[in-house]
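Heads up: the structure comes next, in structure tokens.
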Amino acid sequence: MGRPFKNLEERIGLFLHNIEVDCLGCYNWLGAISPQGYGRSSLFVPYISTDLCHRASFWLYNGYLPEIVMHSCDNRGCCYWGHLREGTHSDNMKDMYNKGRGRYQNGESNRSSEISKEMASIIWNYKGKMGRYKLAEILGVSKYIINNIWYGGQWNEVKEQEWIQ
């Protein structure tokens, strides 16, 4: 078993020893990593109630620990205080959505999407010109996909355009 730490300075030294700077300027944590990809260390648990390295880094640099610490670099393993900023849960969710990282992605960026943007545009342009059952049969898609585009608010980014054959 290792010797106990004597002071905060020694802990900071060990913390910095476990960081490697990459070509993007991120200070990547080389120690334990959580299943979500965040660096973990118990070095500062006696001082703050977290073992997440990016939060510890923010605390060391700023002297306080906010509700949420956000990464401007989107690298969960980064501990560089210059890439970290204070935020709220709402800020974090907006940032995630704006960068296309959330579960609720639209269009082709949604991994569950069964059709392309081009196909959604074709379906949208046939609204009112052909019944959904007939259109589904012709295009080889479910009538529910057509219904969701026409009435359910899916593929809202597809605007009514003239479709040229």
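Observations
- Site pair THR88 and TYR151 shows an inter-label distance of 3.7 nm when each label is modelled 7 Å from Cα along Cα→Cβ.
- Each label point was placed 7 Å from the Cα along the Cα-to-Cβ direction; for ALA32 and HIS17 their separation is 1.7 nm.
- Pairwise FRET efficiency - ASN98 versus ILE138, Cβ, R0 = 41 Å, nearest 0.05: 0.65
- For segment 111-158, the set of trypsin sites (Lys or Arg not before Pro) satisfying both a DSSP loop assignment and a count of at most 14 other C-beta atoms within 10 Å is given as ARG111, LYS127, LYS129.
- Cα coordinate range in segment 110-150, projected on the principal axes (Å, largest first): 29, 16, 15
- With viscosity 0.890 mPa s and temperature 25 °C, the Kirkwood radius over alpha carbon pairs of segment 14-99 converts through Stokes-Einstein to a diffusion coefficient of 188 µm²/s.
- Most to least packed among 73-86, 19-32 [average Cβ atoms within 10 Å]: 73-86, 19-32
All of the numbers you see were taken from the coordinates with simple rules; none came from a lab. Model, not experiment: these values are computed from the prediction. Positions of Cβ are generated from backbone atoms using ideal geometry, with glycine treated the same way; all protein chains shown enter the neighbour counts.
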